[in-house]
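Here the structure comes first, spelled out in structure tokens, and everything after it is commentary.
Quick note: the coordinates plus some simple rules give every number you see, no bench work behind them. The structure displayed is predicted, hence computed values, not measured ones. Neighbour counts run over all protein chains shown; Cβ positions are idealised from the backbone, glycine included.
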Amino acid sequence: MPVSPTDAFATRAIHAGQQPDQRTGAMAVPIYQTSTFAMDEVGVMKAGFDYSRAGNPTRTALQIALASLEGGRHAHAFASGMAAIDCLLRTLLRPGDHVILPADGYGGTYRMIDQFGVPWGISCTTVALDDLAAVRAAITPRTRLIWCETPTNPLLGVSDIAALAEIAHTAGAQLAVDNTFASPYLQTPLSLGADVVMHSTTKYLGGHSDVIGGALVTSDEELAEAFTDFVTTVGSGAAPFDAWLTLRGVKTLALRMERHCDNAERIAELLVGLPKVARVYYPGLPDDPGHAVAAKQMRRFGGMVSFTVVGGEEEAVKVCSRTRLFTLAESLGGVESLIEHPHLMTHASVADSVTAVPPDLIRLSVGLEDADDLAADLADALS
């Protein structure tokens, strides 16, 4: 039976694009590990597939699921989150165009535009996207895209998606939202007016630290066609096995996100009360600057927590080395808890840029372990 858009999120996560295989009855979507497909006759494909660079049934199953979860008409799955960003930028922008970026966003996005877009003739302005007046002031006649992260990486800043969409559309621009930190379980930017949603599916959607991937989701037919042409030409689509792993992770997304949120709330509340913690960044805290907007547009507040420590960079590095259950590692969104020092790790390449992060900042990806064990581990590290 087809999945309905009105079905609950958890139902769609398990069934959208994932009907039993018609030939064998297999419950799990098969891994179509093939480069090429036989044709019925010259120019006539059996099921719309001819070569896996252009399309593959396993990838298609994942794309159907992602589109359903984000409330979009079209999804494209990529080999990485950066490949997804590359597709969006190169299909949407042309020399002379202008992009607005979040001042506290992911360094890799800024790096891509700065190193590859700027030499091509793209200009960019970084703005605190929670300051709507500043966003309006940054708009130019050549602005084609507002790129939003909410919550941001790693300072967990929150932006009003609906308000940014209105600003972008009034200026004749489009709004793209990196929804990686929230996942579609917590937030659906398309329903708030965004034109495109981007994911690093490596993170919460995959959820098990065993696959790299990215995605773009949209309801804009013209954009979707451009993304299809790009993937077909460049070959940056997700491989069958990677798509299968991600699809397996998607099935449990609703359950996992509830536990991530439960544990993150517990950790944020613990950190607020520790003397060595200078500030906690978590939109679920009532006094967080983004709390009101997050409560309006998110189901819950996510599994990421950041904080600064008394003692500066040296103490932050020491804390990262003292944990037992929080593993010192980059990335996020997996079942295991991770700790990192953004200034020297994920954001080291932008340490001298306008998107640099505080050197005394620590970022946590709070996993699915027992909350009491995680709390004790951090309390010991900060004692």
At 0.890 mPa s and 25 °C, Stokes diffusion of the chain via Kirkwood alpha-carbon radius, µm² per second: 115 µm²/s
Estimated [θ] at 222 nm from DSSP helical runs (n ≥ 4, -39500 (n - 2.57)) normalised by residues in the chain, nearest 500: -10500 deg cm²/dmol
Volume of the Cα convex hull of the range 315-366, divided per residue and given in Å³: 65 Å³
Semi-axis lengths (Å, descending) of the ellipsoid that matches the C-alpha gyration tensor of the range 253-381: 21, 18, 15
Cβ-based exposure ranking for S236, S35, in which fewest neighbours within 10 Å come first: S35, S236
Cα centre as origin, Lys/Arg/Asp/Glu Cβ charges: the chain dipole, Debye: 500 debye
Where N is the number of residues in the range 66-213, Cα Rg divided by 2.2 N^0.38 Å: 0.97
DSSP-defined beta bridges in the chain - what % are antiparallel, rounded to 5: 60 percent
For the chain, with +1 on Lys and Arg beta carbons and -1 on Asp and Glu, the positive-most of S159, M39, I362 along the dipole: M39
Under 24 Å from K318, Cα to Cα: lysines that are on another chain or at least 8 residues apart: K276
Loop trypsin sites (Lys or Arg not before Pro), the range 275-383, which have at most 13 other Cβ atoms in a 10 Å radius of their Cβ (DSSP): R324
Additional length obtainable on full extension of the chain from A348 to D210, 0.36 nm per residue less Cα span: 47.3 nm
Given charges at Cβ of Lys, Arg, Asp, Glu: the chain dipole, positive-most of N263, I139, Q22: Q22
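Might you report the magnitude of the Cβ-based charge dipole of the range 253-381 about its Cα centre, with Lys and Arg at +1 and Asp and Glu at -1, to the nearest 20 debye? Numbers along the way, then the final one.
Details: 12 positive and 20 negative charges, 70 e Å.
With only Lys, Arg, Asp and Glu charged at Cβ, the dipole is about 340 debye.
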Reachable lysines, given that their alpha-carbon falls under 24 Å from the alpha-carbon of K296 and they are not under 8 places away in the same chain: K203
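Evaluate the charge dipole of the range 182-307 about its Cα centre and quote only its size in Debye, nearest 20, assuming +1 on the Cβ of each Lys and Arg and -1 on the Cβ of each Asp and Glu. If you can, show how the numbers build up before the last one.
Details: 11 positive and 14 negative charges, 149 e Å.
Here the range 182-307 has a charge dipole of around 720 debye.
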Distance from the range 33-73 to the range 156-188 (C-alpha centre basis), Å: 29 Å
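Of all the C-alpha pairs in the range 202-306, what % are more than 19 Å from each other? Could you put the intermediate results ahead of the total?
Values: 3301 of 5460 pairs.
Of all Cα-Cα pairs in the range 202-306, 60 percent lie more than 19 Å apart.
Please rank M345, M82, M304, fewest neighbouring Cβ atoms within 10 Å first, as an exposure proxy. Before the final figure, lay out each step's value.
Numbers: M345 14, M82 18, M304 27.
Fewest-to-most ranking of M345, M82, M304: M345, M82, M304.
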